[in-house]
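Here the structure is laid out as structure tokens; the discussion comes afterwards.
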Amino acid sequence: MFKILRLAFKNLSRYKRRTLLTGLLIVVGVVAVIVFSGLSGSFKQAIVGQITDSVLSHLQIHRKGYLASIDNLPLDRMMPSKAFEKLEGLLSGVEEIEAYSPRIKFGAMLSNYSQTTNARLNGIDPEKENRTVPLLASRIKDAAHDDVLLKPGEVLLPEILARGMEIKIGDTVVLVANNKDGSVNGMTFMVAGIVESLMGPGGRDGYLHIDDAASLLRMETPEISELAIRVRDFGSLKAVAEKLNDLTAPLTNKQGGPMFELHTWEQLTPFYNIVRMIDIMTLGIRVILIAVVLISVLNVMMMSVYERVREIGTLAAMGTRPGRIMALFVAEGICLGLGGALAGSAMGAGILWIMNLTGVDVTFGGNNQVFTLAPSIAPTEVALTCLIVLGVSVLASLQPAAKAAGLEPVEALRHV
Amino acid sequence: MNLVEFKNVSRSYQLGEVSVTALQDVTLNIPKGAFTALVGPSGSGKTTALNLIGCLDKPSQGEVMVAGQAVSTMNRKQGADFRGEKLGFVFQDFNLLPVLTVFENIEYPLLMIRDMPKHLRHPLVEKVLAAVSMENQADKYPAQLSGGQKQRTAIARALVGNPLLVLADEPTANLDGATAKTVVELMKQMRDEFGTTFVFSTHDPRIMDQAELTFHILDGRLEDAPAKEVTHV
């Protein structure tokens, strides 16, 4: 094998400029794939991290039918306290769950005594919420407390509302809400922080203590809108979701239907489509790489065969078997692909390393939120890219190699 | 003992709607060790005869036997193996591989065809390099050699596997008179040293005189009996 590769390498060096140009094309393709994969991967990670770690959490459980009306924040489709207790009992036995946080979601009128507007609010247990969505604290500007998100009697208001109504930390505001029977209640709260807005559902919500939310909504027994769950290993999210589905399936409502519905973050946010689009774009770049390698290697190998017909005839006349002639040309394709893949991988990894040192700022979303990306690529992905290039190089070499091997020696020797 | 036997061999080609006969009803025998010339003008059928002997082509009629084997019935792989084992080729245009040095060109049949290990093939290459007086040019590439040196290299490459028969198609056509004479003398010397049968085609009268056995071919037919008797077997 080594002797064939050695001869193939020598043959490639015969037309240095052509080989270099083709190799360069492959290098550019591999660099594009590696840099794009590294950037898009870290961008994806940043978006998903923000969405899951500061708003949604990894998965959520609602009472069956709640999600279909989630935009209305319905108060008549909440989990009764008994159902929530049952659910808590089940969750406590699942080791894969790191934390969970019950939420009461509702709409209210927000007044600063001079202006009034609508607000979407979440009643939360600050300690549980902090463990479930640990990045929420980082979104609070000028927080009143360092150790806790908020205390009873306090509210965290979304930045966009606070700015519009010129509300500052320490101001008193009034929240007025309808309970599920339609009666109205109002309570005053102190603003304990301004929450930075985030794209996507829940990104412009305010927060208050879960006990305050229950009081404002006049709940005799607390009811829960949703249960946000954080798993220990994000990679095993699907497995955990399936396990929880199995565990909650036996719990039925009065009609005999399932009592709960469970959704992972992918089903809860439209940004999953962006993530999928990034994956499709990465695939697209890979397809372009395959096309570049296929066309360039095929072109070089076909030219190589046509230019060396007499030489092929000489090799065959001397007794070189057709299979070995074919191997010689396939080896040339492999050398070309391997060289391009290795050089491209090294260059791509180098570019990602430099980007990591400098950091890449990306603005995203309606609020021009800035993400500082730390692009990186898994070694397995680099290896996969190299394998794709190698495989395509072999594929592209097969037809010209088969043509070379199939040449009749007597015809080939006559070729001018 | 005959190394090559042609029994009523004909070879015709179809060129469009026209059938061209390159060889017609040729019967000849070439004894082992003979220094043989196929002589005739361009297009007479010399190269076709050499191709048939070298299993590069198959007769339309008749039978070609080389070293007791009917080469016309061999498939491509068998033909390749037979050539690799039993035959050596020298071409008019030398046909050296330009990316390989003189040493590597000579080494090629042992390395790529016979898969011979290094400790066996290197002494053989050095032996033929010395025999053709090219040991000082071993590291040069074909582009750095004169025509005569290239043909010496090609002869060494043909001989390195110790074949029974070396086929040379117009080996001196691209050489000047003095070099051509030297090359033919070298081939004869190699025949004496290695006992290899040489069959070469030529239309150069200065060279054909060197042959011990000469077959005149004209318009695909063999003319009369061999012009010379074999003196060396």
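The table that follows gives values for the structure above.
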{"item": "Test: A:V360 is farther than 30 Å from A:E159 by Cβ, surrounded by 15 or more Cβ atoms within 10 Å (Cβ to Cβ), of a type in the set (V, I, T) and modelled with pLDDT under 95", "result": "no"}
{"item": "Residue within the range A:380-388 that is modelled with pLDDT under 95, touching a Gly at 6+ places or on another chain (Cβ under 7 Å) and surrounded by fewer than 19 Cβ atoms within 10 Å (Cβ to Cβ) present", "result": "no"}
{"item": "Matching helices (runs of 4 or more DSSP H) fully within the range A:302-416 where at least 2 residues are assigned by TED's automatic domain parsing to the domain that holds A:K16 and either among the polar types (S, T, N, Q) or touching a Phe, Trp or Tyr at 6+ places or on another chain (Cβ under 9 Å) (or both)", "result": "A:309-318, A:322-358, A:379-406"}
{"item": "Options A:L357, A:L342, A:L338; residue that is within 43 Å of the chain's Cα centre (by Cα) and over 30 Å from A:T19 (Cα atoms)", "result": "A:L357"}
{"item": "Positions within the range B:136-148 being open to solvent by less than 50 Å² (accessible area, probe 1.4 Å) and part of a helix (DSSP H, G or I), in sequence order", "result": "B:Q137, B:P142, B:G147, B:G148"}
{"item": "So A:L12, is it touching a Phe, Trp or Tyr at 6+ places or on another chain (Cβ under 8 Å) and either at positive phi or buried (at least 22 other Cβ atoms within 10 Å of the Cβ) (or both)", "result": "no"}
{"item": "The lone exception for A:H145 - which of (1) open to solvent by 40 Å² or more (accessible area, probe 1.4 Å); (2) in contact (Cβ under 8 Å) with a residue 24 or more places away in the chain; (3) in a loop (DSSP other than H, G, I, E, B) it fails", "result": "(1)"}
{"item": "Neighbours by Cβ (under 9 Å, 6+ apart or cross-chain): first from the range A:9-22, within 11 Å of another protein chain (Cβ to nearest Cβ); second assigned to a helix (DSSP H, G or I) and open to solvent by 70 Å² or more (accessible area, probe 1.4 Å)", "result": "A:Y15/A:M303; A:Y15/A:E307"}
{"item": "Only one of A:L73, A:L87 that is out of contact with any Asp or Glu (no Cβ under 7 Å at 6 or more places or on another chain), open to solvent by less than 10 Å² (accessible area, probe 1.4 Å), more than 30 Å from A:N299 (Cα to Cα) and not assigned by TED's automatic domain parsing to the domain that holds A:V293", "result": "A:L87"}
{"item": "Members of the range A:306-315 that are more than 7 Å from chain B (Cβ to nearest Cβ) and crowded, with 20+ Cβ neighbours inside 10 Å", "result": "A:R308, A:I312, A:G313, A:L315"}
{"item": "Among the candidates B:L50, B:L28, B:L56, residue that is within 13 Å of chain A (Cβ to nearest Cβ), surrounded by fewer than 23 Cβ atoms within 10 Å (Cβ to Cβ) and within 24 Å of B:H203 (Cβ to Cβ)", "result": "B:L50"}
{"item": "Test: B:G45 is surrounded by 22 or more Cβ atoms within 10 Å (Cβ to Cβ) and more than 10 Å from every other protein chain (Cβ to nearest Cβ)", "result": "yes"}
{"item": "In the range A:316-342, the residues that are free of Cβ contacts under 8 Å to residues at least 60 places away in the same chain, open to solvent by 10 Å² or more (accessible area, probe 1.4 Å) and within 12 Å of chain B (Cβ to nearest Cβ)", "result": "A:M318, A:R321"}
{"item": "Residues that are modelled with pLDDT of 80 or more, surrounded by 14 or more Cβ atoms within 10 Å (Cβ to Cβ) and not aliphatic (A, V, I, L, M), drawn from the range A:363-379", "result": "A:P375, A:S376"}
{"item": "Hits in the range B:109-120 - residues which are facing chain A (nearest Cβ under 9 Å) and in contact (Cβ under 8 Å) with a residue 24 or more places away in the chain", "result": "B:P109, B:I113, B:R114"}
{"item": "Residue match in the range A:348-357 (condition: in contact with a Leu (Cβ under 7 Å, 6 or more places away or on another chain) and either within 14 Å of chain B (Cβ to nearest Cβ) or open to solvent by 70 Å² or more (accessible area, probe 1.4 Å) (or both))", "result": "no"}
{"item": "Every residue from the range B:92-108 that is facing chain A (nearest Cβ under 10 Å), in a helix (DSSP H, G or I) and open to solvent by 20 Å² or more (accessible area, probe 1.4 Å)", "result": "B:E104"}
{"item": "All helices (runs of 4 or more DSSP H) inside the range A:189-299 with 2 or more residues being closer than 30 Å to A:V173 by Cβ and open to solvent by 30 Å² or more (accessible area, probe 1.4 Å)", "result": "A:210-216"}
{"item": "Identity of the residue in the range A:103-117, farther than 17 Å from A:K180 by Cβ and in contact with a strand residue (DSSP E or B) (Cβ under 6 Å, 6 or more places away or on another chain), that ends up least open to solvent (accessible area, probe 1.4 Å)", "result": "A:L110"}
{"item": "Scope the range B:39-65; condition closer than 11 Å to B:V4 by Cα, in a strand (DSSP E or B) and of a type outside the set (V, I, T); matching residues", "result": "B:E63, B:M65"}
{"item": "Filter result for A:G93 (over 23 Å from A:D211 (Cα atoms) and surrounded by 22 or more Cβ atoms within 10 Å (Cβ to Cβ))", "result": "no"}
{"item": "Test for A:A46: is it closer than 23 Å to A:E381 by Cβ, at pLDDT below 90 and open to solvent by 20 Å² or more (accessible area, probe 1.4 Å)", "result": "yes"}
{"item": "Residue in the range B:183-199 that is open to solvent by 10 Å² or more (accessible area, probe 1.4 Å), in contact with a strand residue (DSSP E or B) (Cβ under 6 Å, 6 or more places away or on another chain) and either in a strand (DSSP E or B) or within 14 Å of chain A (Cβ to nearest Cβ) (or both) present", "result": "no"}
{"item": "Options A:K86, A:K82, A:K44, A:K3: the member that is within 14 Å of another protein chain (Cβ to nearest Cβ), of a type in the set (K, R) and assigned to a helix (DSSP H, G or I)", "result": "A:K3"}
{"item": "Test set (1) open to solvent by 30 Å² or more (accessible area, probe 1.4 Å); (2) away from chain B (no Cβ under 14 Å); (3) out of contact with any Ser or Thr (no Cβ under 9 Å at 6 or more places or on another chain); (4) closer than 25 Å to A:Y15 by Cα - A:S397 fails condition number", "result": "(1)"}
{"item": "Members of the range B:71-83 that are surrounded by fewer than 22 Cβ atoms within 10 Å (Cβ to Cβ) and within 8 Å of chain A (Cβ to nearest Cβ)", "result": "B:R76, B:K77, B:D81, B:F82"}
{"item": "Lone qualifier among B:T21, B:T36 - being open to solvent by 30 Å² or more (accessible area, probe 1.4 Å) and either assigned to a strand (DSSP E or B) or touching a residue at least 24 places away in the same chain (Cβ under 8 Å) (or both)", "result": "B:T21"}
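The values are calculated or read from the model by the stated rules, or taken from the named source; none is laboratory data. All of these numbers come straight from a predicted model, not from anything done at the bench. In this analysis, Cβ positions are derived from the backbone assuming ideal geometry, glycine residues included, and neighbour counts consider all displayed protein chains. These area figures cover heavy atoms from the full protein model, side chains too; ligands, DNA and RNA do not enter into them. Shrake-Rupley method; radii C 1.70, N 1.55, O 1.52, S 1.80 Å.
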